Every structure is written in structure tokens, then in C-alpha cells.
1. Working only within the stretch 45-62, note down all residues that are within 16 Å of the ligand (Cβ to nearest atom) and of a type in the set (S, T, N, Q).
2. Scanning the stretch 9-36 for residues that are in a strand (DSSP E or B) and among the small types (Gly, Ala, Ser), which turns out nearest to CYS88 (Cα to Cα)?
3. Regarding ALA154, is this residue under 30 Å from PRO81 (Cα atoms) and more than 16 Å from the ligand (Cβ to nearest atom)?
4. Considering only the stretch 63-87, state which residues are within 9 Å of the ligand (Cβ to nearest atom) and not in a loop (DSSP other than H, G, I, E, B).
5. Looking at ALA162, ALA171, ALA178, which one is surrounded by fewer than 19 Cβ atoms within 10 Å (Cβ to Cβ) and assigned by TED's automatic domain parsing to the domain that holds TYR133?
6. Exactly one of (1) farther than 22 Å from CYS67 by Cα; (2) surrounded by 17 or more Cβ atoms within 10 Å (Cβ to Cβ); (3) of a type outside the set (S, T, N, Q) is unmet by MET206. Its number?
7. Identify all residues within the stretch 37-62 that are open to solvent by 10 Å² or more (accessible area, probe 1.4 Å), outside any loop (DSSP other than H, G, I, E, B) and under 20 Å from ILE101 (Cα atoms); write none if there are none.
8. Going through the stretch 88-133 one residue at a time, which ones are within 16 Å of the ligand (Cβ to nearest atom), closer than 20 Å to GLU225 by Cα and either part of a loop (DSSP other than H, G, I, E, B) or open to solvent by less than 80 Å² (accessible area, probe 1.4 Å) (or both)?
Amino acid sequence: MTKTLNLTLKVWRQKGPDSGGRLETYNAENISTDMSFLEMIDVINEELTITGKEPIAFDHDCREGICGMCGAVVSGRPHGPEKGTTLCQLHMRHFSDGDTIVIEPWRSRAFKIIKDLVVDRGALDKIIQAGGYVSVNTGGAPDSNAIPIPQDTAEKAMDAAACIGCGACVAACPNASAMLFTSAKISQLALLPQGRPEAARRAIAMVRIMDELGFGNCSNERECEAECPKEISIVNIARMNREFFKASFLSEVK
Ligand code: FES
């Protein structure tokens, strides 16, 4: 049965990248437990707009857990309290009547706050860009399917490829490390024969730019794995480290 909730929201409001920000309090009344978290913010924004106030800026696109655009820290947890769930797929039934919910943007030196809950995650795009293209021409689907890949390896590659690049791993990590993200992107290609020709160059380039962009190091806190909406394993970080060290010993890689 659909129930309704009355909530107190404390939302980070910040006009722009160089302005100061602060938590502002809003009452969210008669929120249906069937609503998603973003739909709840939509309702608040409608009320703010009607009363001539600035709506809360937040990122979103697919609202299906696919694109990686949404994300905010909800009462201290990236994407909120549900495991393996993006903010757009988080439902209000996971909250209780009378709750106070604190909503903040991802916080990291590499992610500048653009406005309110919107941050610039362009640094993650730069890491992918540094990885470059795969040069192997596999031909059409029947040809590429003819390349024998053990089932277990294909599944590990697919699990790494499930990363949607939302940045929750960075937000969750006390060091603001992007190692889970970078390692997933390195692993999804390094595991497959089609990704091997550039594997060494790719690992060096992606790790190098990740460090340059100001992300922190991994100190095995495992917060990234715990908060990743796609439940990417930190096994990928160990694989990335192996790939990086192997590549560092190859003389042809500069
Ligand atoms: S809006 Fe696309 S993953 Fe949430």
C-alpha cells in the first residue's frame, strides 16, 4: 500500500563554483513511498519554482541506473542507504516518516562543484580519453564471436564494464581515489584478447593522468566497493596494479 512521508531535507545550496555554500532546510510533505529519490527532489523543485525560488540543481539523465549522471551523498552515503543502487533508482520506501535527510554533492579536489548538487566529473572522462582506442579490427559480430574467450574471463570483463562512471567510488573514498573507476576501465579491456595489444600503454597512460588530476591513492579502505551502485570489485584495483607494474618494466612504453 502506498504510504506518504513527511521529511526534513537539509540540502547543499551553492550558487556557483566560486561561491560559498551551505545546507538549507526544506520540509518535504506527503512524499509517496513509491517515488524515487529524484522524483522527491522534483516535487520540492516544483514548490520552489511556484514560490519564485531557485530550484535545486542536480544531475540526471536516464533515471534507470544506466547513464551514471545522477549522484549525491545522502546522509553520508553516496547514492543513499541501499546497496547496489543509483540515486535515481533509490525509492522513498527506504526512508521513514519524520526522517531528516542530508543531501550533499560529491566532494573531491578533482570534482569542482558547478552548482548545488552538480559537480564537474570531467576528470573521469579525461582518464578514459587517456586510455585511447582499441586498434584490433574484429570484423563483424560472427567474426568477433569466433575469438575464443573462456566464460569466466568474459564474465569478469563484463562485470568491470558495468561501471557507469558515476564517481561514487571517489566520493566514498577518504582519499578521494579514483582507482576503482580507473581499474574497471583498464580491466574491461585488459581481460580480453582484443584489449591486449595496447594494454601496457593504456595502463601507464590512465594511471598517470589519474594521478595528475589530483585523485588520491588507494589505502584499501574498500569504501568504494561498498558504495559502488554496480558493485564493482576491488579485485580490479589489484589487476590494474599488476598491469601497471608489468607495463612499467616494458622498455618500449614511455
Ligand atoms: S540518472 Fe542515469 S544512472 Fe541515475
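The values are calculated or read from the model by the stated rules, or taken from the named source; none is laboratory data. From a predicted model like this one, the values you see are computed outputs, not experimental measurements. Positions of Cβ are backbone-derived with ideal geometry, glycine not excepted, and every protein chain shown enters the neighbour counts. Quick note on the areas: whole protein, heavy atoms, side chains included, nothing else; ligands and nucleic acids left out. Shrake-Rupley method; radii C 1.70, N 1.55, O 1.52, S 1.80 Å.
1. ASN45, the sole residue that qualifies.
2. Step by step, filter the stretch 9-36, then rank; the result is SER36.
3. no
4. LEU87
5. None of the other options fit; the residue is ALA162.
6. Going through (1) farther than 22 Å from CYS67 by Cα; (2) surrounded by 17 or more Cβ atoms within 10 Å (Cβ to Cβ); (3) of a type outside the set (S, T, N, Q) one by one, MET206 breaks only (1).
7. Across the stretch 37-62, the qualifying residues are GLU39, ASP42, VAL43, ASN45, GLU46, GLU47, LEU48.
8. CYS88, LEU90, PRO105, TRP106, ARG121, LEU124
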